[in-house]
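Participant: Here it is, the structure, as structure tokens.
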Amino acid sequence: MIDRRIRGPLALETRIERWPLTRPFHITGYVWNTTDVLCVCLEQDGHIGRGEASGVYYRGESPATMLEQLEALRPEIERGISRDVLRTLLPSGGARNALDCALWDLEAHLEGRPVWQIAGLDEPRPLLTTFTCGAGPPEEMAATAHSYLGARALKLKLTGEPDDAARIQAVRAALPEAWLAVDANQGFTPDSLNALMPVLEGAGVSLIEQPFPMAHDAWLDEFVSCIPIAADESVQGLSDMRSLCGRFQVVNIKLDKCGGLTEGLAIAREAREVGLEPMIGNMTGTSLAMAPAFLIGQLCTIVDLDGPVFLRSDRPTPVQYVDGFIRCPAALWGYPDKRGGARTQP
């Protein structure tokens with residue numbers, strides 16, 4: 001994978017967009033009614049590359065703070081930039097993700113070949129994805145699970161509260177054959193998770209994601225689980241990978257956390273080398289945010305790319321969900337325009 005420096009002049013456009021959700025989405029400590037994103041466009045000679053990020057909420061990121069980061073670097077970006085140089089200019093996070101993905105997309109236009117080829121990947125195939133049930137009353141979570149027509153894999157948001165057992169049992173009763181994961185978003189203690197383990201095992205749960213606060217990963221040293229445990233908040237970038245070994249079995253890659261497709265690909269490949277299973281996830285976002293993550297999903301064992309299903313509306317060319325699989329159309333992101341010109345902006 002060669003990192004091409006895209007020489008200037010480039011035109012950088014940044015804008016903040018608000019996408020309403022169909023209903024409030026609840027996880028431990030947070031409730032969302034909208035998905036707010038930063039959209040980045042890079043233009044050169046009529047070719048446009050695009051990227052999107054919502055940021056890492058628990059690190060205090062927002063579209064406004066990400067926009068400030070990019071505007072501070074506007075002169076340097078517009079003179080021309082490479083993906084490797086970008087990793088030295090910005091820390092991991094949403095701002096770097098949006099710009100990194102825009103660089104990949106622009107390069108596809110300029111070189112006349114898709115991003116998957118530039119990245120040294122096989123041609124993308126549809127991927128089985130999980131669909132998320134936000135934390136709520138058990139009967140509501142079961143109804144949400146039923147509403148995902150064709151879903152074969154589900155992820156349940158838990159909170160460490162007594163209702164968690166009933167939530168798991170209600171969803172399992174609603175979809176007896178579905179693959180199940182649970183995600184506490186750091187909401188458990190060793191005692192609360194130990195108390196829940198018989199329910200998790202009885203329901204056939206296949207993955208526990210980030211059960212403990214990231215400051216207390218050492219709790220896993222004494223915790224015995226027959227269900228694989230995934231690191232989410234505990235891994236922010238490539239430099240965190242080796243610290244996970246012995247505590248986690250799965251690493252959840254999110255482009256907003258690690259700062260883009262460039263680092264995400266490196267994490268997925270490093271995960272295999274250190275004996276971890278790579279998983280691709282998403283913060284929130286439109287189909288434009290899912291498309292680069294979809295490419296990393298080609299290297300992953302577990303795929304969790306359902307962000308757009310919570311939106312009232314999506315990009316003009318959205319990802320497609322069919323029979324529990326996600327498919328990414330060429331017209332969305334990462335492919336050169338077949339007419340040789342620029343793809344229209346969203």
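Participant: Bins of 10 Å, beginning at zero and ending with the bin holding the largest distance: percent of Cα pairs per bin for the range 213-346, please.
Facilitator: It works out to 12, 39, 30, 15, 4, 1, in whole percents.
Participant: Can you tell me what share of the DSSP beta bridges in the range 127-327 is antiparallel? A percent to the nearest 5 is fine.
Facilitator: Expressed as a percentage, antiparallel bridges in the range 127-327 total about 20.
Participant: Quick check on packing: order 141-151, 7-17 by the mean number of other C-beta atoms within 10 Å, highest mean leading.
Facilitator: 141-151, 7-17
Participant: Could you list 107, 68, 43 so that the one with the fewest beta carbons within 10 Å of its beta carbon is first and the one with the most is last?
Facilitator: 68, 43, 107
Participant: Taking the simple approach of a point 7 Å from Cα along Cα-to-Cβ for both residue 139 and residue 216, what is their distance in nm?
Facilitator: 3.3 nm
Participant: Using 1/(1 + (r/R0)^6) with R0 = 51 angstrom and r between the beta carbons of residue 247 and residue 113, what's the FRET efficiency to the nearest 0.05?
Facilitator: Working from the Cβ atoms, E equals 0.80.
Participant: Rg and Dmax of the range 127-327, using alpha carbons, in Å: what are they?
Facilitator: Values for the range 127-327 (Cα only, Rg and Dmax): 16.1, 49 Å.
Participant: With 20 Å as the cut-off, how large is the P(r) tail for the range 6-118, expressed as percent of Cα-Cα pairs?
Facilitator: Summing the P(r) tail past 20 Å for the range 6-118 gives 42 percent.
Participant: Now a separate question. Give me the orientation-averaged projected area of the Cα convex hull of the chain, in nm², one decimal.
Facilitator: 15.8 nm²
Participant: Then there is this: Take a quick pass over the chain and tell me how many lysine pairs come in under 29 angstrom between Cα atoms, counting only ones 8 or more apart or on separate chains.
Facilitator: Total qualifying Lys-Lys pairs in the chain comes to 4.
Participant: Treating only the Cβ atoms of Lys and Arg (+1) and Asp and Glu (-1) as charged, compute the dipole magnitude of the chain about its Cα centre; round to the nearest 20 debye.
Facilitator: Rounded to the nearest 20 debye, it is 920 debye.
Participant: Using only Cα atoms and rounding to the nearest 10 degrees, what angle (0 to 90) does helix 261-273 make with the longest principal axis of the chain?
Facilitator: 50 degrees
Participant: Angle check, please: helix 94-111 long axis (alpha carbons) against the longest principal axis of the chain (alpha carbons), in degrees 0 to 90, nearest 10.
Facilitator: 50 degrees
Participant: Among DSSP beta bridges lying fully in the chain, give the percent that are antiparallel, nearest 5.
Facilitator: Restricted to the chain, the bridges split so that about 55 percent are antiparallel.
Participant: Mind pulling the angle between the C-alpha long axis of helix 164-174 and the longest principal axis of the chain? Nearest 10 degrees, somewhere in 0 to 90.
Facilitator: Once rounded, the angle reads 80 degrees.
Participant: Taking springs between alpha-carbon atoms closer than 10 angstrom, which of 105, 164, 221 fluctuates most in the Gaussian network model of the chain?
Facilitator: 221
Participant: Let me ask you something else. Among 200, 99, 121, determine the one that fluctuates most according to a GNM of the chain built with springs between C-alpha atoms less than 10 Å apart.
Facilitator: 121
Participant: At 7 Å along the Cα-to-beta-carbon direction for both residue 224 and residue 163, put a label point, then send me their distance in nm to one decimal.
Facilitator: Between residue 224 and residue 163, the simple spin-label model gives 3.3 nm.
Computed from the coordinates by the stated procedures, all read-outs in this text should not be read as laboratory data. For clarity, every value in this text was computed on a predicted model and none was experimentally measured. All Cβ positions, glycine included, derive from the backbone under ideal geometry; neighbour counts span all protein chains shown.
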